[in-house]
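J.: Structure in structure tokens, see below.
The values are calculated or read from the model by the stated rules, or taken from the named source; none is laboratory data. Source: prediction; values computed, not measured. Neighbour counts run over all protein chains shown; Cβ positions are idealised from the backbone, glycine included. Just so you know, the surface numbers come from the protein's heavy atoms only, side chains and all, with ligands and any DNA or RNA stripped out. Shrake-Rupley method; radii C 1.70, N 1.55, O 1.52, S 1.80 Å.
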There are 2 protein chains.
Amino acid sequence: MSGDNKPNLVTMGKAAKAAARELAKLNSGQKNQALLAIAGELEEQVEVVLAQNALDIADGRAKGLSEALLDRLLLTEERVARLAADTRRIVSLTDPVGKETHSQLLPNGLRLSKRRIPIGVIGVIYEARPNVTIDIATLCLKTGNASILRGGSETLRSNLALVRVIQAALERVNLPEAAVQTIDDPDRALVSQLLRLDQYVDMIIPRGGAGLHRLCREQSTIPVITGGIGICHLYVDESADLEKAVDIVENAKVQRPSVCNALDTLLVHPSVAPAFLPQVAARLGQSGVELRAEGAALEILEDDSGGANVVAAGPDDFDQEWLALILGVKVVPGLDEAIAHIQQHSTEHSEAILTNDWANATRFVDEINSAAVFVNASTRFNDGGEFGLGAEVAVSTQKLHARGPMGLEELTTYKWIGLGDGLVRS
Amino acid sequence: MSGDNKPNLVTMGKAAKAAARELAKLNSGQKNQALLAIAGELEEQVEVVLAQNALDIADGRAKGLSEALLDRLLLTEERVARLAADTRRIVSLTDPVGKETHSQLLPNGLRLSKRRIPIGVIGVIYEARPNVTIDIATLCLKTGNASILRGGSETLRSNLALVRVIQAALERVNLPEAAVQTIDDPDRALVSQLLRLDQYVDMIIPRGGAGLHRLCREQSTIPVITGGIGICHLYVDESADLEKAVDIVENAKVQRPSVCNALDTLLVHPSVAPAFLPQVAARLGQSGVELRAEGAALEILEDDSGGANVVAAGPDDFDQEWLALILGVKVVPGLDEAIAHIQQHSTEHSEAILTNDWANATRFVDEINSAAVFVNASTRFNDGGEFGLGAEVAVSTQKLHARGPMGLEELTTYKWIGLGDGLVRS
């Protein structure tokens, strides 16, 4: 817990940078030994972790946190066992560090290559779920990066307990404890300090809401991975297979409404709207989805709501990441207007077109430049696991460094290596 | 010139973003037509450009700018012809936009690929030389990016004339003029406005000194490419071929002392220092290099300076990017201390080891994580042209997005494309 002394971020930063230099020298076998030690230590220390988590939960309940949130914060024996299993699974992933590409002998005589190396020190600011602590720390270790973690205040004790587990494991395999550190003080000023620690920290990953991302962009002098906010669109074109379209819309909206790749806005071509909207409303109504419909869509749904809750869309309803069982619905005259609507309202996370028309599918894919663009598939596929990355640290919606799901490779950078035998530039 | 009305950055940003969407749809042939039109227009309007440049030069002379700086600002018929030739050369480079990689059919049925796309709108803040205007604008166009340029106040008229040439060419090939815009007002507040235009601008490239980079990192809410500042080191190991070493040190220091990959600090193993330092001093002395030497190096050079100007190194002399005919010189006990010195003082731009020892070369390459690491070669090779990139927009020393010389590919990002036929996530 916080204690009397404030954490000294500069001291933490220096220690992290020194640790990162040690981690950068390790081969995959050594890093995997550390991961296995963490998994083992998690299993051995499960009682300690659960005891600290119980204190967080009790505090949360006293503060009146909702049962849903408390469940997100809760660790159980089974959940800790899963964290250990997840950590062991990372062992089997391919380590991108050390891979060389672009190897070539240049006309100037230089033998050149690009080698993947760790980024260095990664600062992660996250909210709520304590499993993120293990998740991020182990993915950073796998790629040879040190991490400075700043979890949510609701799980301060749980996060500290988990980081102590990690540090104990690191000590057992003779690696520096400072490879994984946590800021165990809820003072928000420490976040601002972290964001300006550019001498020691190489990348900031915020995992949280739009406010956190904005704060990081505003205050950070360190490159920030912006992402995780998805106002996701799906356009049902004139030629779409409506039966499949109902399945896809349901999947995109209902399967896991609280995540960033869930559907927020449904755009429909006028020629299929009268047939399609009541069908989709009937299906979504079964899951309790509320439809916020505009203009022609509202008229159609007021005639036949399929049993769903239909309300008139308000002025901001097409700029919402719902994260809930709500869906904006709009009829657009055609592909041009669908693209224009998306370009205006999207956060460039995930968009889809459902169509059987080659030209329209091609245009949608060419002109929509969101991180992930789908044809006849659910927006829910924009995910590191689904894309075969084996892991996911964040989903980037920015343009630089990485877009969409970030896996292990996106936790690395590269250096150029030039070899000669007494080579000068002419 | 600035005129009465301040440029409206929001208007410029909106126009740039709209233009970027048009550029993103173009194929390489269309973009090359624009480049050829610019080259032609530059040749046709050379008189207009030179007249505006002459006004800048006259102002600069009146302000007492040095002849060296005035020469950097000066455009001549020959230099404009070279700009046209450089623009035509970009036509022949491969356009990275549209390239798809990682194409695969995933176990979940999704046909996935990553497609290279333009970044969007790029803000470039630069100093002095007006040729950067053409250079950056054409490389951005080649990769389908719009640009907002902010050149130095000394060449305000020249830059505006060059941008008008570009815009005239764009109009001739029916592309939006707003694809290349310049902030033609020296007010520094406009730079701050540009740096916070994150709604419209996707990347900031500062090309200038450390102060400009710091300003951008401090103020920008847009990702910034930090780079171009090189405190570059070269370590001469015990086993180095001393004859080749003298050539390489001379090349690294003297060939073009004003650039970021020029050598700043020479580290020497004690066993070769007595023989090597007088040799290198004799060679560098011929070019008027001043040696700032410390401890043992100073003693050796005071005994035999080879005719070079030798002075005792001051406390900050190993934290200088000299950009001049000055070289810090230090004897270090061995590789460990060379690596430690570099890790402490380097800006992670370019470092080299000269050695014939396999283990030492390997350790240096493994443990030095600067953007470019050389063995038995000059630091001067860290350059887009030398690395075969065909072009160079900047040299990044940061960890994210790109490191070292940034060519055309580094002016692009990617989107994920997922194709299915009614695919839902299970």
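J.: Does segment A:97-112 include one or more residues that are in contact with a helix residue (DSSP H, G or I) (Cβ under 7 Å, 6 or more places away or on another chain) and closer than 20 Å to A:Gln33 by Cα?
T.: No, because not a single residue in segment A:97-112 is in contact with a helix residue (DSSP H, G or I) (Cβ under 7 Å, 6 or more places away or on another chain) and closer than 20 Å to A:Gln33 by Cα.
J.: Tell me, which residue of segment A:157-206 that is of a type in the set (A, V, I, L, M) and in a loop (DSSP other than H, G, I, E, B) is nearest to A:Tyr414 (Cα to Cα)?
T.: Across segment A:157-206, the extreme among qualifying residues is A:Val201.
J.: In this structure, is A:Val201 within 14 Å of chain B (Cβ to nearest Cβ) and under 20 Å from the mean Cα position of the chain (by Cα)?
T.: yes
J.: When you go through (1) farther than 30 Å from A:Pro96 by Cα; (2) within 14 Å of chain B (Cβ to nearest Cβ); (3) of a type outside the set (Asp, Glu) one by one for A:Leu26, which number turns out not to apply?
T.: Against the list (1) farther than 30 Å from A:Pro96 by Cα; (2) within 14 Å of chain B (Cβ to nearest Cβ); (3) of a type outside the set (Asp, Glu), A:Leu26 comes up short only on (1).
J.: Output the number of residues of segment B:231-268 satisfying the condition of being more than 10 Å from chain A (Cβ to nearest Cβ) and either among the charged types (D, E, K, R) or touching an Asp or Glu at 6+ places or on another chain (Cβ under 6 Å) (or both).
T.: Qualifying residue count, segment B:231-268: 8.
J.: Of everything in segment A:383-426 that's at the interface with chain B (Cβ under 7 Å from one of its Cβ atoms), open to solvent by 30 Å² or more (accessible area, probe 1.4 Å) and within 26 Å of A:Ile134 (Cα to Cα), which residue is modelled with the lowest pLDDT?
T.: A:Gly388
This table checks each residue for (1) hydroxyl-bearing (Ser, Thr, Tyr); (2) touching a helix residue (DSSP H, G or I) at 6+ places or on another chain (Cβ under 9 Å); (3) farther than 29 Å from B:Glu367 by Cβ.
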{"site": "A:Ala15", "(1), (2), (3)": "no, yes, no"}
{"site": "A:Ala24", "(1), (2), (3)": "no, yes, no"}
{"site": "A:Gly40", "(1), (2), (3)": "no, yes, yes"}
{"site": "A:Val48", "(1), (2), (3)": "no, yes, yes"}
{"site": "A:Ala51", "(1), (2), (3)": "no, yes, yes"}
{"site": "A:Leu55", "(1), (2), (3)": "no, yes, yes"}
{"site": "A:Ala58", "(1), (2), (3)": "no, no, yes"}
{"site": "A:Ala62", "(1), (2), (3)": "no, no, yes"}
{"site": "A:Ser66", "(1), (2), (3)": "yes, no, yes"}
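J.: List pairs: first in segment B:188-203 and farther than 19 Å from B:Ala178 by Cβ, second open to solvent by less than 20 Å² (accessible area, probe 1.4 Å) and hydroxyl-bearing (Ser, Thr, Tyr), Cβ under 9 Å, 6+ apart or cross-chain?
T.: Once the first residue is farther than 19 Å from B:Ala178 by Cβ and sits in segment B:188-203, its partners that are open to solvent by less than 20 Å² (accessible area, probe 1.4 Å) and hydroxyl-bearing (Ser, Thr, Tyr) give B:Leu195/B:Ser220; B:Leu195/B:Thr221; B:Arg196/B:Ser220; B:Arg196/B:Thr221.
J.: Out of segment B:333-357, which residues are buried (at least 23 other Cβ atoms within 10 Å of the Cβ), under 10 Å from B:Tyr235 (Cβ atoms) and of a type in the set (Asp, Glu)?
T.: Listed by number, the list holds a single entry, B:Glu351.
J.: Which of the residues belonging to segment A:216-230 are buried (at least 23 other Cβ atoms within 10 Å of the Cβ) and away from chain B (no Cβ under 11 Å)? Walk me through it before giving the result.
T.: Filtering segment A:216-230 down to residues buried (at least 23 other Cβ atoms within 10 Å of the Cβ) leaves A:216, A:220, A:222-228, A:230.
Hits for segment A:216-230 are A:Gly227, A:Gly228, A:Gly230.
J.: Next question. Would you point out which residue out of A:Ile183, A:Ile166 is of a type in the set (A, V, I, L, M) and under 26 Å from B:Val224 (Cβ atoms)?
T.: Result: A:Ile183 is the single residue among A:Ile183, A:Ile166 that is of a type in the set (A, V, I, L, M) and under 26 Å from B:Val224 (Cβ atoms).
J.: Answer yes or no: is there a residue in segment A:88-108 that is closer than 18 Å to B:Val365 by Cβ, without any contact (Cβ under 8 Å) to a residue 24 or more places away in the chain and out of contact with any Lys or Arg (no Cβ under 9 Å at 6 or more places or on another chain).
T.: Yes: segment A:88-108 contains one or more residues that are closer than 18 Å to B:Val365 by Cβ, without any contact (Cβ under 8 Å) to a residue 24 or more places away in the chain and out of contact with any Lys or Arg (no Cβ under 9 Å at 6 or more places or on another chain).
J.: Right, next: Name the single residue that is nearest to B:Thr221 (Cα to Cα) among those in segment A:180-215 being hydrophobic (A, V, I, L, M, F, W, C) and open to solvent by 20 Å² or more (accessible area, probe 1.4 Å).
T.: By that ranking, first place goes to A:Leu215.
J.: Quick one: count up the residues across segment A:139-156 that are touching a Leu at 6+ places or on another chain (Cβ under 6 Å), of a type in the set (S, T, N, Q) and not in a loop (DSSP other than H, G, I, E, B).
T.: Here the count works out to 1.
To keep it simple, each residue is scored yes or no on (1) small (Gly, Ala, Ser); (2) surrounded by fewer than 22 Cβ atoms within 10 Å (Cβ to Cβ).
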{"residue": "A:Asp135", "(1), (2)": "no, yes"}
{"residue": "A:Lys142", "(1), (2)": "no, no"}
{"residue": "A:Leu149", "(1), (2)": "no, no"}
{"residue": "A:Arg157", "(1), (2)": "no, yes"}
{"residue": "A:Ile166", "(1), (2)": "no, no"}
{"residue": "A:Glu171", "(1), (2)": "no, yes"}
{"residue": "A:Ala178", "(1), (2)": "yes, no"}
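J.: Keeping to segment B:66-125, report how many residues are more than 14 Å from chain A (Cβ to nearest Cβ) and either closer than 26 Å to B:Val48 by Cα or open to solvent by less than 80 Å² (accessible area, probe 1.4 Å) (or both).
T.: Summing the residues that are more than 14 Å from chain A (Cβ to nearest Cβ) and either closer than 26 Å to B:Val48 by Cα or open to solvent by less than 80 Å² (accessible area, probe 1.4 Å) (or both) in segment B:66-125 gives 30.
J.: Further question on the same structure: Hey, B:Phe318 hits all of (1) touching a His at 6+ places or on another chain (Cβ under 6 Å); (2) within 30 Å of B:Ala68 (Cα to Cα); (3) within 14 Å of another protein chain (Cβ to nearest Cβ); (4) among the hydrophobic types (A, V, I, L, M, F, W, C) but one; which does it fall short on?
T.: (3) is the only condition that B:Phe318 fails.
J.: Do we find a residue being outside any strand (DSSP E or B) and touching a His at 6+ places or on another chain (Cβ under 7 Å) anywhere in segment A:383-394?
T.: Applying the first criterion (outside any strand (DSSP E or B)) to segment A:383-394 yields A:383-393.
Narrowing the set further to residues that are touching a His at 6+ places or on another chain (Cβ under 7 Å) leaves none.
The answer is no, given that none of the residues of segment A:383-394 is outside any strand (DSSP E or B) and touching a His at 6+ places or on another chain (Cβ under 7 Å).
J.: Which residue is most open to solvent (accessible area, probe 1.4 Å), if the candidates are limited to segment B:358-381 and must be in contact with a strand residue (DSSP E or B) (Cβ under 8 Å, 6 or more places away or on another chain) and more than 7 Å from every other protein chain (Cβ to nearest Cβ)?
T.: Among those residues, the one meeting the criterion is B:Asn360.
J.: Of the conditions (1) closer than 26 Å to B:Ser220 by Cβ; (2) of a type in the set (Gly, Ala, Ser); (3) at pLDDT 95 or above, B:Ala161 clears all except one; give me its number.
T.: With respect to (1) closer than 26 Å to B:Ser220 by Cβ; (2) of a type in the set (Gly, Ala, Ser); (3) at pLDDT 95 or above, B:Ala161 is out only on (1).
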